[in-house]
Amino acid sequence: MSEATAHHADTPRRRRQINLPYVGLAPAWLLMIFALIIPILIIIAVSFAVRGAYGGFDWGFDLSGYRQILFNEGWTGEMEFTPQYLIIILRTILLATVTTVLCLILAVPVAYWIAGQPGHRKSVLVFLVTLPFWMSMILRVYAWMIILGKDGPLLRFFEFFGAPSGMTFMYNDGATLAAMVYTYIPLMVLPVFASIEKLDGTLIEAAHDLYGNRWTTLRRVILPLTAPGIASGGILVFVPAFGAVLEPTLMGGGKQMMMGSLIQLQFGGGRNWPFGAAIAMILMMLVMLVLVGLALRSARNEVES
Amino acid sequence: MNRENAVEVIDVSKNFGSYQALSSVNFEIRENEFFTMLGPSGCGKTTLLRMIAGFETPDTGRLLLHGRDIVDIPPHKRRVNTVFQSYALFPHMTLAQNVAFGLENLGWDKARITARVGEMLERVHMSAFANRKPAQLSGGQRQRIALARALAPKPEVLLLDEPLSALDLKLRQAMRDELRTLQRDTGITFVFVTHDQEEALDMSDRIAVLGSGEVQQIGTPLQIYEEPSNRFVADFVGETNFFEVDVLKATEKTATVRTPFGQVISVPSPAQVPVGKATLSIRPEKLNLGDQVEGVDFLAEVVKKQYLGGYTHYLLSAGGVEIRASRRNASRESDTIAVGSPVHVGFIEGSARVLAA
């Protein structure tokens, strides 16, 4: 009897304790629900909807949006495999990967260099790295179009040293890549810098002390200890690079279609919302795959240590 | 070069900007000895240690390791290992991997590395923890692994940079014994840096007292404590009283002085002091208190006393001069001197020392 009463008296208090923190989180929850969960649910719903006759869509359940990614309906109504969208997906993966790798190769030395500078100069340099963000991205891409363009300074410079006329830097994969790397490199520099900054300098000394040369020290001490920063930099670059629209369109001249442009096209001129939503879902799932993979890896490392 | 010397420091100077960290320092560290560099922070002891390790370069002067000049040899090519103050264990490696790191870089074969790592972990009583990571260890355990890691490659010299300062008191005392044993067993030359005089006196074969970038004195713990060569050493190592005295007559080994309490006495000195003002140094425990005392005898008044169990510290005053004395409490009734009462203070002439002012 007394046990039951005690239990009874205990319950409401415990419930209050559990609920209170969640009330405090309400703004965050509301933001998540309205800015993330509901839009994603809408896109999921649209991806399964039926394409309307004059653009738009009607609610329903239809897999043609997804089917269209791999198969095209022929004249006689039979389904034939068309790899063109698959090629776009693979090309986008390739572009995002190459962008991430180039950013990594360029950003790591920069981050090391900044981390080694004296205090006040360090903060100035970090500020300079973030400076491009103060300007609209589209303006920055246009600036690159001017630099690399037909009458641009770079071409003038090469022509002065006898480059053949008709040489061009614009509207190819190289131009796309240059703008991509330029745009996303600060997102790599900052987390890598932060993790190097945190690295205890005596560990590097200890590695040298124990007969490790520069290469051994980099490979066995510095890189493993800054890996979390490199990984988060990689995610920060890879994810937006995967959905990039501006650079491939403006710098690549839109000759090489990417997933971002394809989605934009389906919601715009293509007037095929279910198909656009289906590609968007594929894009999101691919990104999720990468993130989950990384999360599992770091979780495994946690367990080990 | 002398083969008995593990390290020779010859005329080494170092400036950091306008700050002179070391000014033409000379000394040698003998093979197989436990050598301690003792001094307050900023005295240059850590800079010297880092120079031997290769992390700092002297502006001028030479550094010899077993007779070979090492100034231009990078740290990873010096057969010298360091136990860092913060231990600097690699957090992403297991303890076994930490200990193996140096051996792998030296190109030892796998079987030999495994055997040596096992042996070292055994030696520091950490075998059971071989596959743990440093984060899972206590301070004392990390200390042991840092030692094992630095000793595993059998360095010519082991450098220890205040390795006990992060440990609590009990552990620190246990580690002192362990370090001393380890040094004797391995026969490796230990160069130990500390600001703790007790550590230095306890463990060292020889101590170099450093102050303001210069070697103040080198000697055995007994020499350093009993025969300080200047005011700095007498003041830094242990407690002492400094009295201003008039030198009446001096030779190379003794000086005849008049104390502020009126006596004329003859006291040993490390070098000939000029006639005029000098300093008499006498340690508090060398002063006897009581109704009747031996040797030089004068009257003082007890100003304050501090009962510390095993000892009682007294603050005395004689003719306006402050005197610190301490007395061992041999029995429960030892502490009978009352504050405010007059007391006889006495000391043996040979236990005092006259130093240049």
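Per-residue answers, yes or no, for (1) farther than 27 Å from B:CYS43 by Cα; (2) assigned to a helix (DSSP H, G or I); (3) more than 14 Å from chain A (Cβ to nearest Cβ):
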{"position": "B:ALA128", "(1), (2), (3)": "yes, yes, yes"}
{"position": "B:ASN131", "(1), (2), (3)": "yes, no, no"}
{"position": "B:LEU147", "(1), (2), (3)": "no, yes, no"}
{"position": "B:LEU164", "(1), (2), (3)": "no, no, yes"}
{"position": "B:LEU167", "(1), (2), (3)": "no, no, yes"}
{"position": "B:ARG176", "(1), (2), (3)": "no, yes, yes"}
{"position": "B:ARG184", "(1), (2), (3)": "yes, yes, yes"}
{"position": "B:GLU239", "(1), (2), (3)": "no, no, yes"}
May I ask you to verify whether B:LYS77 is surrounded by fewer than 17 Cβ atoms within 10 Å (Cβ to Cβ), basic (Lys, Arg) and either within 23 Å of B:PHE236 (Cα to Cα) or within 14 Å of chain A (Cβ to nearest Cβ) (or both)? yes
Can you tell me which residues in region B:61-74 are in contact with a Leu (Cβ under 6 Å, 6 or more places away or on another chain) and away from every other protein chain (no Cβ under 14 Å)? B:VAL71
Here is a list: B:VAL245, B:VAL273, B:VAL345. Which entry is surrounded by 18 or more Cβ atoms within 10 Å (Cβ to Cβ) and modelled with pLDDT under 90? B:VAL273
Taking only region A:97-153 into account, find how many residues are farther than 15 Å from A:LEU250 by Cβ and either assigned to a helix (DSSP H, G or I) or modelled with pLDDT of 90 or more (or both). 36
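Results for (1) modelled with pLDDT under 80; (2) under 25 Å from A:SER136 (Cβ atoms); (3) in contact with a Leu (Cβ under 8 Å, 6 or more places away or on another chain), shown as yes or no for each residue.
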site: A:ALA241; (1), (2), (3): no, yes, yes
site: A:LEU250; (1), (2), (3): no, yes, no
site: A:MET258; (1), (2), (3): no, yes, yes
site: A:PHE267; (1), (2), (3): no, yes, no
site: A:ILE282; (1), (2), (3): no, no, no
site: A:VAL287; (1), (2), (3): no, yes, no
site: A:VAL292; (1), (2), (3): no, no, no
site: A:ARG300; (1), (2), (3): yes, no, no
site: A:GLU304; (1), (2), (3): yes, no, no
If we keep just the residues of region B:202-229 that are in a loop (DSSP other than H, G, I, E, B) and of a type outside the set (Gly, Ala, Ser), which is surrounded by the most Cβ atoms within 10 Å (Cβ to Cβ)? B:PRO228
Do we find that B:ALA96 is aliphatic (A, V, I, L, M), surrounded by fewer than 20 Cβ atoms within 10 Å (Cβ to Cβ) and in a helix (DSSP H, G or I) in this structure? no
Which number in (1) more than 30 Å from B:THR256 (Cα to Cα); (2) part of a strand (DSSP E or B) marks the one condition that B:GLY309 misses? (2)
Just to be sure I understand the filter: pairs with C-beta atoms under 6 Å, separated by 6 or more residues or on different chains, first member in region B:253-276 and assigned by TED's automatic domain parsing to the domain that holds B:ALA318, second member surrounded by 14 or more Cβ atoms within 10 Å (Cβ to Cβ) and in a loop (DSSP other than H, G, I, E, B). Which pairs pass? B:ALA255/B:SER269; B:ALA255/B:VAL273; B:VAL267/B:ALA352; B:PRO270/B:SER229
The residue from A:LYS198, A:LYS255 that alone is basic (Lys, Arg) and more than 14 Å from chain B (Cβ to nearest Cβ) is A:LYS255
Considering residues that are within 9 Å of another protein chain (Cβ to nearest Cβ) and either among the acidic types (Asp, Glu) or within 28 Å of the chain's Cα centre (by Cα) (or both), the number found within region B:80-113 is 10
Would you please name the residue that is surrounded by the most Cβ atoms within 10 Å (Cβ to Cβ), looking only at residues in region B:312-323 that are among the small types (Gly, Ala, Ser) and assigned to a strand (DSSP E or B)? B:ALA318
Subset tally (residues that are surrounded by 11 or more Cβ atoms within 10 Å (Cβ to Cβ), outside any helix (DSSP H, G or I) and β-branched (Val, Ile, Thr)) for region A:29-84: 2
Just wondering, is there one or more residues in region B:264-281 that are in a loop (DSSP other than H, G, I, E, B), closer than 15 Å to B:ALA357 by Cα and over 31 Å from the mean Cα position of the chain (by Cα)? yes
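Going through region A:205-247 one residue at a time, which ones are under 24 Å from B:LYS77 (Cβ atoms), more than 9 Å from every other protein chain (Cβ to nearest Cβ) and either touching a residue at least 12 places away in the same chain (Cβ under 8 Å) or of a type in the set (Gly, Ala, Ser) (or both)?
Hit for region A:205-247 is A:ILE222, nothing else.
The values are calculated or read from the model by the stated rules, or taken from the named source; none is laboratory data. Since the model is a prediction, treat every value here as computed from it, not as a measurement. FYI the Cβ positions are ideal-geometry reconstructions off the backbone, even for glycines, and counts take in every protein chain you see.
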